[in-house]
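For reference, the structure discussed in these notes is given below.
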Amino acid sequence: MLGAGSGLATRIMASDERQALEDLLYRRQFVLGPSCLPQVAAWPRLQIAGRICVIAHPDLNAQQVTRQEISLTLLGFLIDPYEPQSSNAAILDRLLHAIERPFNFGRWVSHTESLGGRWILIVHDGRTTTLFTDPMGLRQVFYTDRSLTGGVWCATQPGLVADALGLGMDPVAISQFLMSEPVRRWQEFLWPADTCSYREFRRLLPNRSLDLDTGECTRFWPTGPLEHRSLQEGVEATIELLPKLLLACSVRFKLAHAVSAGWDSRLLLAASKEVCRDVWYYTYARKGADADVTVIPRLLERLGLTDHLLPLPDRGDKAFADLFRRHVSLSRPFCGRFIQALLDSCPQDRVCIAGNAAEITRVRFRRHPASKSLARSGATNSCPSRPGINYRRFHSWIRRGSGGLPTLGRRTTLIRLTSSTGTTGRGTSPA
């Protein structure tokens with residue numbers, strides 16, 4: 001009897017664990033389109049202008065404010081470093097009342113430049129409906145080509161909508177990019193420019209807006225030549241903004257902070273001085289990162305803080321790996337191991353901050369000294385694969401007016417916020 005009972009308890013526990021994992025599927029993701037997808041019919045929904053259905057996972061904050069025929073819809077959360085006590089609702093209300101007639105999106109969007117967080121905003125001015133994201137594009141959006149799908153669909157990941165519409169992966173993208181040797185060796189997620197594994201989808205890049213009626217994507221920033229700043233001016237701007245942003249985050253959330261021996265996380269560590277006593281610091285204990293697991297615990301101890309070492313599994317748990325593959329289109333097992341470590345070891349009521357968005361400010365695009373050809377440009381090194389899809393998308397990117405600029409955020413806050421309870425992949429995170 002004891003043996004049988006113990007076995008039943010074990011099976012019940014395993015069943016509960018499977019259900020807990022299943023509850024994470026598509027967590028904090030969204031789908032937007034001309035109708036409701038049956039796969040997510042149970043999720044809460046909002047309507048925009050009576051013709052656009054926004055469906056958000058129950059754990060993704062979705063809010064809407066209206067004034068006459070004008071509406072402003074938020075997916076995610078907004079952080080104001082200069083008014084740290086402001087809630088999502090207060091910031092939304094302020095943005096709504098900044099809308100003037102006739103509506104000028106380029107002028108109005110400047111009101112969002114100082115905002116941190118991880119968000120999508122959809123503004124309907126009575127005629128047009130425009131979607132855009134936080135300056136770093138951390139709240140990710142994939143959208144369909146209206147001419148190929150009969151309407152504009154948007155989602156955190158293309159796979160969910162593709163399955164519902166019966167779309168298959170693009171064989172050209174698979175053969176020219178995904179199956180190329182450099183990409184197969186690459187551990188993290190990457191695709192050139194706005195491409196993805198589906199011909200019908202594009203990824204909305206930072207500083208772009210999307211017209212949800214026409215499907216037209218427009219780059220709205222920068223609006224002119226960027227102001228030159230000296231190194232000292234850049235440092236002064238950063239040390240003013242970052243501590244305020246972290247303070248505002250701490251007002252809204254209980255924080256966890258990933259610290260490594262790298263520059264970016266140590267910069268955030270320094271900026272967290274005012275809130276550090278309430279932050280749960282952690283470091284991934286992984287092979288080949290000896291400095292992380294030796295230097296950082298000693299550093300934090302000297303500061304009177306505690307570092308929590310999160311064991312990084314050599315191979316992900318099969319049940320979690322299967323879930324992660326469904327959750328993130330073409331997910332990378334390497335990224336899944338980090339997310340599983342967070343799920344297993346990090347307090348689940350924390351929101352994690354990381355400094356890897358700062359890496360974009362250190363990217364260098366080198367040109368071959370003897371040629372101005374993009375084919376010989378070091379820019380293509382950021383997407384190693386067979387030439388076709390890379391060159392085509394980079395040429396398109398430059399032709400549409402990038403001015404040779406990397407895709408920087410409007411106000412690069414050098415911070416990424418994710419929930420420790422979400423299942424995410426770097427560059428594909430729906431948290």
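Could you give me the ³J(HN,Hα) list for region 120-132, computed from phi with Karplus coefficients 6.51, -1.76, 1.60 and θ = phi - 60°, whole Hz, x at Gly and Pro?
For region 120-132, the Karplus-derived couplings read 10, 10, 10, 10, 10, 9, x, 10, 10, 10, 10, 10, 8 Hz, x marking Gly and Pro.
Long-range amide H contacts for Phe253: which residues qualify at under 5 Å (H placed 1.01 Å from N, peptide plane, sequence gap of 5 or more or a different chain)?
For Phe253, whose amide H was placed from the backbone, there are no distant partners under 5 Å.
I need the peptides 119-126, 35-42 ranked by packing, meaning the mean over residues of other C-beta atoms within 10 angstrom, with the highest value on top.
Descending packing order for the listed peptides: 119-126, 35-42.
HN-Hα J couplings of region 60-67 from phi, Karplus 6.51/-1.76/1.60, θ = phi - 60°, integer Hz, Gly and Pro as x?
9, 4, 10, 9, 9, 10, 9, 8
For region 30-219, just list the percent of Cα-Cα distances falling in each 5 Å bin from zero outward, please.
Whole-percent P(r) values from 0 Å outward: 1, 7, 16, 19, 20, 16, 10, 6, 3, 1, 0, 0.
Can you give me the long-range amide H partners of Arg139? Hydrogens built in the peptide plane at 1.01 Å from N, cutoff under 5 Å, separation of 5 or more residues or another chain.
Trp119, Asp134
Taking every pair of alpha-carbon atoms in region 61-117, give the share separated by more than 18 Å as a whole percent.
On the way: 484 of 1596 pairs.
That fraction is 30 percent.
Using a/c under 1.5 as the rounded threshold, could you call region 34-139 rounded, prolate or oblate? The axes a ≥ b ≥ c are square roots of the C-alpha gyration tensor eigenvalues, and prolate needs a/b larger than b/c, oblate otherwise.
Oblate, because a/c is 1.5 or more while a/b does not exceed b/c.
Over the Cα atoms of region 132-282, what radius of gyration and what Dmax do you get, in Å?
Radius of gyration, then largest Cα-Cα span, for region 132-282: 20.0, 54 Å.
For Met179, Met169, what ranking results if the residue with the fewest other Cβ atoms within 10 Å of its Cβ goes first?
Least to most surrounded, the residues fall as Met179, Met169.
Please work out whether region 211-327 counts as rounded, prolate or oblate from its C-alpha gyration tensor, where a ≥ b ≥ c are the square roots of the eigenvalues and a/c under 1.5 means rounded, while otherwise a/b larger than b/c means prolate and anything else oblate? Don't jump to the answer; show the numbers that get you there.
Numbers: a/c = 2.03, a/b = 1.19, b/c = 1.71.
Note, shape of region 211-327 comes out oblate.
Return the long-range amide H neighbours of Leu310 (sequence gap of 5 or more, or a different chain), with a cut-off of under 5 Å between placed amide H atoms.
Answer set, sorted by chain and number: Thr283, Tyr284, Ala285.
Throughout, read-outs are computed from the coordinates displayed, never taken from laboratory work. Quick caveat: nothing in here was measured; it's all calculated off a predicted structure. Cβ sites come from the backbone with ideal geometry, for glycine too, and all protein chains shown count toward neighbours.
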